[in-house]
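Report on the following structure.
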């Protein structure tokens, strides 16, 4: 199997709005190349977009464990936990992402939304 060609096909599926198609192509690539963070990140995003949130969380935790400075993985992990209705868990990752990239409005918006939700639960 030509992994690069399959990855490019997966990107096309993802960008065309077919995250499920991307998942089918990316899973064997991650299995063959488990240390490839780019492929794992796209797989996590495809899981997130296709509402396979538990699988997205698994991939994102692997990315954060491998590279704690990956602000995007922290952000998407926080968003995934938020969608899983675990705002208290999400808060940690959203705070880290926002601290690393304070200029990113998407990060700050997600952080404020989850902080409001957590503070409202108290």
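Worth pointing out:
- Considered as an equivalent ellipsoid built on the Cα gyration tensor, the range 43-110 has semi-axes of 17, 13, 10 Å, the largest given first.
- Helical runs (DSSP H, four residues minimum) scored at -39500 (n - 2.57) apiece and divided by the length of the chain put the mean residue ellipticity at 222 nm at -26000 deg cm²/dmol.
- Here the simple spin-label model places points 7 Å from the Cα toward Cβ, and for residue 37 and residue 121 these points are separated by 2.9 nm.
- For residue 112 and residue 2, a Förster radius of 35 Å and the Cβ-Cβ distance give a FRET efficiency of 0.20, rounded to the nearest 0.05.
- Solvent-free Debye calculation, one equal scatterer per alpha-carbon of the chain: log10 I(q)/I(0) at 0.11, 0.12 Å⁻¹ equals -0.38, -0.45.
- Mean Cβ count within 10 Å, highest first, over the residues of peptides 105-114, 44-53: 44-53, 105-114
- Centre separation in Å (Cα based) which lies between the range 85-122 and the range 54-83: 13 Å
- Sequence-separation-based contact order of the chain, relative, with Cα cut under 8 Å and 6+ spacing, percent: 15 percent
- Working from Cα pairs under 8 Å separated by at least six residues, relative contact order for the range 68-122 is 33 percent.
Each value in this text was obtained by applying a stated rule to the coordinates, not by laboratory testing. Predicted, not measured: the structure shown is a model, and the values here were computed from it. Note that each Cβ is placed from the backbone with ideal geometry, even for glycine, and that neighbours are counted across all protein chains shown.
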